[in-house]
Amino acid sequence: MKTPSQDKDENNSDLTPEELLRKKNREASQRYRDRDPERHRRRMREWREANRERSRELSREWRNRKLAFSPEEEARMRQQERDKTKRYQNKMRDDVFGAYGGYVCACCGETEPKFLSIDHIHNNGGQERRSGLYNSSGTAFYLWLRKNAFPSGYQVLCMNCQVGKHRNGGVCPHQCKV
């Protein structure tokens, strides 16, 4: 009768010593991750922050290996990347609007998120974009706001109020009616 270790040795007999060591390390790593997943995530996040370039290099290598297999795999990964980008942009938008009062126009009270945007209170948005503080995209602007701890000088306005303010010398037409 075979002992469990003999049975295990027979299953791994076709592996080289290096492959066997890698297999044992993977199994030990999996047991560690299963015991305390939150601790593992925290350690990995710390490692990625401390080794940013190496982490990016490894990610690129992994991605390129995956994409080399098949067009279907490439299409699936690209769709995952688009979905992840969209989730990230939506979260950033939610954070920014939350910091400036939520999804409600400061002038007319409009609440449809698709109509709302961040307005420069002092009408200096063009100067800021040209100065190179951030790129002209909305996501880059939101990222800049978040990195700078949501500075004052911005408000949530609907596009009607924002364009009306621009064309009316810095005052929304709703304010002129009062």
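Since every read-out is calculated from the coordinates, none of them should be taken as a lab result. Keep in mind it's a predicted model, so treat the numbers as computed, not measured. As a convention, Cβ positions derive from the backbone with ideal geometry for all residues, glycine included, and neighbour counts pool all protein chains shown.
Numbers for the structure displayed
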{"quantity": "Residue-span extension gain [Glu53 to Arg130] - 0.36 nm each, minus C-alpha spacing", "calculated": "24.7 nm"}
{"quantity": "Distance histogram in 5 Å bins (all Cα pairs of the stretch 91-177, percent per bin)", "calculated": "3, 15, 25, 26, 20, 9, 2, 0"}
{"quantity": "Rg [Å, one decimal], Dmax [Å, integer] - the chain, C-alpha atoms", "calculated": "26.5, 95"}
{"quantity": "Approximate spin-label separation Asn148-Arg60, in nm, with each point projected 7 Å along Cα-to-Cβ", "calculated": "3.1 nm"}
{"quantity": "Mean ellipticity per residue at 222 nm, deg cm²/dmol - from DSSP H runs of n ≥ 4 across the chain, formula -39500 (n - 2.57)", "calculated": "-21000 deg cm²/dmol"}
{"quantity": "The stretch 63-93 versus the stretch 103-178: alpha-carbon centroid distance in Å", "calculated": "31 Å"}
{"quantity": "Local electrostatic count at Gln155 - Lys and Arg +1, Asp and Glu -1, tallied over other residues with Cβ under 14 Å", "calculated": "-1"}
{"quantity": "Extension gain, His166 back to Lys91 (0.36 nm per residue minus Cα-Cα distance, nm)", "calculated": "24.2 nm"}
{"quantity": "Residue (of Trp62, Met159, Gln89) at the positive-pole extreme of the stretch 31-178, dipole from beta-carbon charges", "calculated": "Trp62"}
